[in-house]
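Asker: First, the structure itself, so that you have it in front of you.
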Amino acid sequence: EPEVTQTPSHQVTQMGQEVILRCVPISNHLYFYWYRQILGQKVEFLVSFYNNEISEKSEIFDDQFSVERPDGSNFTLKIRSTKLEDSAMYFCASSEAMASEETQYFGPGTRLLVL
Amino acid sequence: GENVEQHPSTLSVQEGDSAVIKCTYSDSASNYFPWYKQELGKRPQLIIDIRSNVGEKKDQRIAVTLNKTAKHFSLHITETQPEDSAVYFCAATGGYQKVTFGTGTKLQVIP
């Protein structure tokens, strides 16, 4: 069964550094998402992406964040200048149709630690 | 925006008993309600979902009910087993592509 994959599984970075988290969505999916989960808390929506542009974003997704689909298979989340509070698990997800109609499938996550 | 509340935050049941988790949502336009199970350090996994044109859905030991008028939905797990122990999240779509998660319920099934 196809799965969403994410790399790296863990990333440690210094405050102020840029990080890029990578995701490979399921191949026939058209809608892509990033979520974050601070340890012990709920999953929070960051951004959704369709047809090479952002469809929706949350208040968390400020100018420090950006997303890109650089080729036909990868979907990336860039944090330009990391802060301590960016430490969290970041999940990528994808779906065949929009979230209100179709199940999202989550990747295994990237645990980001900002020191 | 959408706001999803979930109760209880923790739930302990004896193996074989039933477990019920309840959620309420605020956006009457929400029309898709998935439930996810998350084991420690793992990704959320969809266990069941329900759409707004359906009042109840069942899949073996798991069932979900939806009351659109009251804006609440519930997860029912019968004949619980130790492997059901995990954190369960309800979710609702409050917009075009945004999924809002509840705060999670940590379910412990005691053998």
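The values are calculated or read from the model by the stated rules, or taken from the named source; none is laboratory data. Note that the structure is a prediction, hence the values are computed from the model and not measured. Please note: Cβ atoms are built from the backbone with ideal geometry, for glycine as well, and neighbour counts cover all protein chains shown. The accessibility values were calculated without ligands, DNA or RNA, using every heavy atom of the protein model including side chains. Shrake-Rupley method; radii C 1.70, N 1.55, O 1.52, S 1.80 Å.
Asker: List the pairs from A:K83/B:K71; A:K57/B:K37; A:K78/B:K106; A:K42/A:K78; A:K78/B:K68 whose alpha-carbon separation is above 27 Å, in the order I gave them.
Answerer: Values: A:K83/B:K71 37 Å; A:K57/B:K37 24 Å; A:K78/B:K106 31 Å; A:K42/A:K78 22 Å; A:K78/B:K68 38 Å.
Over 27 Å apart, Cα to Cα: A:K83/B:K71; A:K78/B:K106; A:K78/B:K68.
Asker: Still on this structure, please answer the following. Tell me the net charge near B:R61. Cut-off is 10 Å between Cβ atoms, B:R61 excluded, with +1 for each Lys or Arg and -1 for each Asp or Glu.
Answerer: On the way: positive: B:K58; negative: B:D59, B:E79, B:D84.
Spelling it out: positives minus negatives among the neighbours equals -2.
Asker: Nearest 20 debye, what's the magnitude of the dipole of chain A about its Cα centre given +1 on Lys and Arg Cβ and -1 on Asp and Glu Cβ?
Answerer: Here the size comes out at about 420 debye.
Asker: For an R0 of 45 angstrom, estimate the FRET efficiency from the Cβ-Cβ distance between B:D59 and A:L113 and round to the nearest 0.05.
Answerer: Efficiency, rounded to the nearest 0.05: 0.75.
Asker: Moving to a separate point now. Which peptide among A:30-38, B:66-74 comes first, and what is the full order, when sorted by highest mean count of other Cβ atoms within 10 Å? Mind showing how you got there, number by number?
Answerer: On the way: A:30-38: 22.2, B:66-74: 15.7.
For the peptides A:30-38, B:66-74, the packing ranking is A:30-38, B:66-74.
Asker: What FRET efficiency, computed as 1/(1 + (r/R0)^6) with R0 = 41 Å and r the Cβ-Cβ distance, is obtained for B:T78 and A:L30, rounded to the nearest 0.05?
Answerer: On the way: r = 36 Å, r/R0 = 0.89.
With a Förster radius of 41 Å, E is 0.65.
Asker: Any chance you could check segment B:79-109 for residues losing 40 Å² or more of accessible area when the partner protein chains are in, compared with the chain on its own (1.4 Å probe)?
Answerer: Output list: B:Y96, B:Q97, B:K98, B:V99, B:F101.
Asker: Buried accessible area between B and A (1.4 Å probe, both chains summed, ligands and nucleic acids excluded), in Å² to the nearest 100?
Answerer: Values: alone 6470 and 6640 Å², together 11030 Å².
Using a 1.4 Å probe, the pair buries roughly 2100 Å².
Asker: Let me ask something additional. Just going by the charge dipole of chain B, with Lys and Arg at +1 and Asp and Glu at -1 on Cβ, which of B:I77, B:T24, B:Q14 is farthest out on the positive end?
Answerer: Sorting the options by dipole projection puts first B:T24.
Asker: What does the net charge come to around A:E85 if you take all other residues with beta carbon closer than 13 Å to its beta carbon, with K and R at +1 and D and E at -1? Don't skip to the end; give the middle numbers.
Answerer: Working: positive: A:R36, A:K83; negative: A:E44, A:D62, A:D86.
Cβ neighbours under 13 Å give a net charge of -1.
Asker: Got the relative contact order for segment B:1-52 handy, in percent, Cα pairs under 8 Å and 6 or more residues apart?
Answerer: Values: 56 pairs, mean separation 15.8, N = 52.
Result for segment B:1-52 is 30 percent.
Asker: Then there is this: Segment B:1-52 to segment A:65-110: how many Å between their Cα centroids?
Answerer: A separation of 22 Å, based on Cα centres.
Asker: Report the far tail of the P(r) of chain A, meaning the percent of Cα-Cα pairs longer than 19 Å. Walk me through the intermediate numbers first.
Answerer: Values: 2594 of 6555 pairs.
Tail of P(r) above 19 Å: 40 percent of Cα pairs.
Asker: Find the relative contact order for chain B and round it to a whole percent, using C-alpha pairs within less than 8 Å whose residues are 6+ positions apart. Write down the numbers at each step before the final one.
Answerer: On the way: 288 pairs, mean separation 41.9, N = 111.
Computed over chain B, the figure is 38 percent.
Asker: Once the principal axes of the Cα atoms of the protein assembly as shown are found, what is the range along each, listed largest first in whole angstroms?
Answerer: Principal extents (largest minus smallest coordinate, Cα): 49, 36, 33 Å.
Asker: About its Cα centre, how strong a charge dipole does the protein assembly as shown have in debye, to the nearest 20, once Lys and Arg get +1 and Asp and Glu get -1 at the Cβ? Walk me through the intermediate numbers first.
Answerer: Details: 21 positive and 28 negative charges, 45 e Å.
Charge dipole, the protein assembly as shown, about its Cα centre: 220 debye, nearest 20.
Asker: Here's something else I'd like to know. In peptide B:31-40, what is the residue-averaged number of other protein chain Cβ atoms found within 10 Å of each Cβ?
Answerer: For peptide B:31-40, the averaged partner shielding equals 2.
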